[in-house]
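The structure appears right after this line, and notes come after that.
The values are calculated or read from the model by the stated rules, or taken from the named source; none is laboratory data. Source: prediction; values computed, not measured. Here Cβ is always computed from backbone atoms with ideal geometry, including for glycine, and neighbour counts include all displayed protein chains.
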Amino acid sequence: MKAWEIVPNSTSLDGLIPAQRPEPKPGPRDVVVRMRAASLNYRDHAIITGKYRYPLDHNTIPCSDGAGEVVAVGPSVTRFKPGDRTVSTFFQVWIDGLPPKNRKALGAPLDGTLAEFVSLDEDGWVPMPPSLTFEEAATLSCAGPTAWNALMNAGAPIKPGNTVLCLGTGGVSMFALQFARAAGARVIVTSSSDEKIARARSLGAVAGVNYKTHLEWQKEVLSLTDGQGVDCVIENGGIATLQRSFQCVGWGGKVALIGVLGGAQGSANPHDLMFKLASLHGIGVGSRASLEQLIQAIEVNRIKPIIDKVFPLDHADDAFRLQSSGGYFGKIVVTM
Ligand SMILES: NC(=O)c1ccc[n+]([C@@H]2O[C@H](COP(=O)([O-])OP(=O)(O)OC[C@H]3O[C@@H](n4cnc5c(N)ncnc54)[C@H](OP(=O)(O)O)[C@@H]3O)[C@@H](O)[C@H]2O)c1
């Protein structure tokens with residue numbers, strides 16, 4: 001079968017190479033899926049370019065997110081049958097509650113979804129939402145639970161009338177925008193691009209702040225909320241943006257610490273949170289149960305994931321080049 005591989009110790013997109021792998025055969029508990037689409041996350045790019053937390057020591061198929069059709073199941077499998085449509089879960093396997101110590105993620109260290117066939121334990125798949133196409137469903141596995149857990153499961157869940165601030169217009173932020181809107185919340189986005197802010201507004205954001213032209217964007221956010229601050233920050237920037245997030249979160253609000261987009265430099269002092277009774281929550285993608293929860297929300301609210309561009313498998317390297325450029329909004333998808 002066709003696949004893509006990341007070579008060990010890769011530090012650039014040259015480390016992403018086309019490969020041939022044997023078609024997987026199911027073990028007793030495995031479900032083999034003919035993949036139809038996979039999507040890219042910031043993490044996948046960071047792994048290929050050597051910016052991830054650890055280097056790869058063997059050729060590894062990238063990407064954690066994907067959707068396809070079951071073609072074979074092992075004799076002990078009870079949850080799926082050939083013909084079913086499925087979506088991969090990010091961790092293999094974290095079903096619910098606190099994460100097990102030995103959970104491993106697709107795309108590193110485990111082989112991922114950028115391949116024609118993927119075989120996983122049956123607990124590593126969920127049924128695909130019937131209202132979505134394969135391309136749309138392939139965007140859910142990582143960014144979906146991350147946004148959902150930040151809004152709904154970390155601290156107090158978002159309520160109607162709350163205000164949510166999403167940093168940037170990538171995959172996590174656009175799911176957060178859509179889920180927050182469905183919950184009745186107002187959404188403010190930050191972006192490096194006025195054009196992307198206009199797109200976010202067309203999806204229901206009430207306002208946007210360009211963080212390139214407003215370096216002190218937290219002041220704009222406070223002004224947009226009449227000095228009250230926001231109820232939740234989707235904190236994709238990390239240590240570089242955290243202090244500003246602490247400043248513009250409101251009374252009893254929460255900052256969901258998700259990303260590292262602003263780089264490793266910066267300093268943040270949680271003192272600002274103290275008298276506001278505000279809180280900081282670490283997010284680590286999420287369990288299968290959280291993916292199933294957001295799929296329910298997608299079905300009920302008829303949410304359609306935001307896809308910027310779709311590439312064929314043979315041109316998956318171009319998909320990563322688009323990601324390098326920063327010139328995308330929402331998700332980038334590869335089809336097989
Ligand atoms: N902790 C977890 O469980 C978890 C799970 C998923 C992702 N993440 C992390 O969350 C972050 C977002 O992931 P993603 O997959 O959504 O990324 P993505 O789709 O690649 O989106 C990145 C977007 O973030 C914006 N951005 C870049 N630098 C920024 C900065 N300094 N301040 C504010 N926004 C900035 C840009 O938006 P504009 O172009 O609009 O400026 C960019 O398009 C990444 O750091 C990723 O590693 C963490």
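Just a few scattered comments:
- Among the numbered conditions (1) closer than 20 Å to GLY327 by Cβ; (2) surrounded by fewer than 24 Cβ atoms within 10 Å (Cβ to Cβ); (3) touching a residue at least 12 places away in the same chain (Cβ under 8 Å), the only one that ILE61 does not meet is (1).
- Some residue of region 3-12 being within 16 Å of the ligand (Cβ to nearest atom), closer than 25 Å to LEU322 by Cα and in contact with a strand residue (DSSP E or B) (Cβ under 6 Å, 6 or more places away or on another chain): no
- Only one of ALA198, ALA278 that is in contact (Cβ under 8 Å) with a residue 24 or more places away in the chain and either at negative phi or among the hydrophobic types (A, V, I, L, M, F, W, C) (or both): ALA278
- Residue in region 133-140 that is in a helix (DSSP H, G or I), within 16 Å of the ligand (Cβ to nearest atom) and not assigned by TED's automatic domain parsing to the domain that holds PRO24 present: no
- Of residues in region 167-190 being part of a strand (DSSP E or B) and among the hydrophobic types (A, V, I, L, M, F, W, C), the one nearest to the ligand (Cβ to nearest atom): LEU167
- Top-ranked residue of region 255-267 - restricted to ones that are surrounded by 24 or more Cβ atoms within 10 Å (Cβ to Cβ) and in a strand (DSSP E or B), ranked as farthest from the ligand (Cβ to nearest atom): VAL255
- Residue count, region 230-253 (criterion: touching a Cys at 6+ places or on another chain (Cβ under 9 Å) and either modelled with pLDDT under 95 or surrounded by fewer than 22 Cβ atoms within 10 Å (Cβ to Cβ) (or both)): 0
- Pair list, Cβ under 6 Å, 6 or more apart: region 233-248 residue basic (Lys, Arg), other residue part of a helix (DSSP H, G or I) and more than 10 Å from the ligand (Cβ to nearest atom): ARG244/GLN218
Residues checked against (1) more than 16 Å from the ligand (Cβ to nearest atom); (2) outside any loop (DSSP other than H, G, I, E, B); (3) in contact with a strand residue (DSSP E or B) (Cβ under 6 Å, 6 or more places away or on another chain); (4) in the same structural domain as ILE307 (by TED's automatic domain parsing):
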residue: ALA19; (1), (2), (3), (4): yes, yes, yes, yes
residue: LYS25; (1), (2), (3), (4): yes, no, no, yes
residue: VAL31; (1), (2), (3), (4): yes, yes, yes, yes
residue: ALA38; (1), (2), (3), (4): no, yes, yes, yes
residue: CYS63; (1), (2), (3), (4): no, no, yes, yes
residue: ASN102; (1), (2), (3), (4): yes, no, no, yes
residue: VAL118; (1), (2), (3), (4): yes, yes, yes, yes
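Condition check ((1) more than 15 Å from the ligand (Cβ to nearest atom); (2) charged (D, E, K, R); (3) over 14 Å from VAL172 (Cα atoms)) across all residues:
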site: ASN269; (1), (2), (3): yes, no, yes
site: VAL285; (1), (2), (3): no, no, no
site: ASN301; (1), (2), (3): yes, no, yes
site: ASP308; (1), (2), (3): no, yes, no
site: PRO312; (1), (2), (3): yes, no, yes
site: ASP317; (1), (2), (3): yes, yes, yes
site: PHE320; (1), (2), (3): no, no, yes
site: GLN323; (1), (2), (3): no, no, yes
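- Flag if ASP96 is surrounded by fewer than 20 Cβ atoms within 10 Å (Cβ to Cβ), over 17 Å from the mean Cα position of the chain (by Cα) and outside any loop (DSSP other than H, G, I, E, B): no
- Residue match in region 216-232 (condition: within 15 Å of the ligand (Cβ to nearest atom), within 26 Å of SER39 (Cα to Cα) and free of Cβ contacts under 8 Å to residues at least 40 places away in the same chain): no
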